[in-house]
Amino acid sequence: MGRKKMEINLISNERLSSLLKEKKIKQSELAEKLNYTPQQISRIVTGKERLTEDFARKIIELFKTGDLETDMFDTIRYEWLMGLDNFKTEGDRMGAFYDGKEERTALTIRLVELCGYSVKDINVVCLKNGDSEKTYLPGMTLEEAFLWEQKNGTIITKDVKYDDFIQRTQSNSDCYFFFRRCIEMKSPRGSKRYFYKINEFFDIINAIIEFTECKCAYQFRKLDSKGIYKWC
């Protein structure tokens, strides 16, 4: 029984050809550097022979500069060379990752909601007094916050009227109310968590995104001949 013929991926052959032109390396030079015959290189470049994993990785290693930071972002990716995706370097892949950040964030928030946690943008009343700030309970109106402060706080005295205070604060006073964006997260059981610092909420969303990325990337590692994990 004859050996099964391996399917040729013409995309990988074309990318190898374009890479050699970009790096200004002749096929004969590549053959000499990698210990292949010029005929073998020619057959791969012209699409008559399959670009193997082993050969692709040798090419990638050949074009590394030896500088860790440069190689981290500018090294040709195996996945691109083999036609598995369209990100030529790690820098290209990371650029696309950050370019899609807004859409990815929105989809992740939607995923959180599908898990039963509602997410809502709300405004909370705050009081600025010189260098200090006070935040009132979510759901409080401006007037309710004023009355609470007047009754329980130390900033607004009992003889001050609401309308007079609001009018005064519109005249560049050091003491005034303002609204701050807050995110309300509600659990399936009805408990609520308020994120007065927006970054704290988006830290959670980014952690979910990074976890997903890591879980996906984890599927592309394997043991080498020495029993050490490597990424493929």
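Tell me, please, whether a residue that is closer than 29 Å to SER191 by Cβ and among the small types (Gly, Ala, Ser) can be found in segment 108-120. Yes, because at least one residue in segment 108-120 is closer than 29 Å to SER191 by Cβ and among the small types (Gly, Ala, Ser). Taking the stated definitions as given, is MET185 over 30 Å from ASP54 (Cα atoms), modelled with pLDDT of 85 or more, surrounded by 12 or more Cβ atoms within 10 Å (Cβ to Cβ) and in contact with a Lys or Arg (Cβ under 7 Å, 6 or more places away or on another chain)? Yes: the conditions hold for MET185. Residues of segment 60-95 that are assigned to a helix (DSSP H, G or I), aliphatic (A, V, I, L, M) and within 29 Å of the chain's Cα centre (by Cα): ILE60, LEU68, MET72, LEU81, MET94. Being more than 27 Å from THR212 (Cα to Cα) and in contact with a helix residue (DSSP H, G or I) (Cβ under 6 Å, 6 or more places away or on another chain) is true of LYS58.
Out of LEU62, LEU51, one residue alone is under 21 Å from ILE8 (Cα atoms) and either surrounded by 12 or more Cβ atoms within 10 Å (Cβ to Cβ) or in contact with a Gly (Cβ under 8 Å, 6 or more places away or on another chain) (or both). It is LEU51.
The C-beta contact set for segment 31-42 (first residue within 16 Å of ASP54 (Cα to Cα), second residue part of a helix (DSSP H, G or I) and of a type in the set (S, T, N, Q), distance under 6 angstrom, 6+ apart or interchain) comprises ILE41/GLN27. Being free of Cβ contacts under 8 Å to residues at least 60 places away in the same chain, small (Gly, Ala, Ser) and assigned by TED's automatic domain parsing to the domain that holds ARG50 is a property that GLY66 has. The set of residues from segment 110-154 being surrounded by fewer than 14 Cβ atoms within 10 Å (Cβ to Cβ), outside any helix (DSSP H, G or I) and more than 42 Å from the chain's Cα centre (by Cα) comprises just one member, THR154.
The values are calculated or read from the model by the stated rules, or taken from the named source; none is laboratory data. A quick note: this is a predicted structure, and the numbers were derived from the prediction, not measured. Note that each Cβ is placed from the backbone with ideal geometry, even for glycine, and that neighbours are counted across all protein chains shown.
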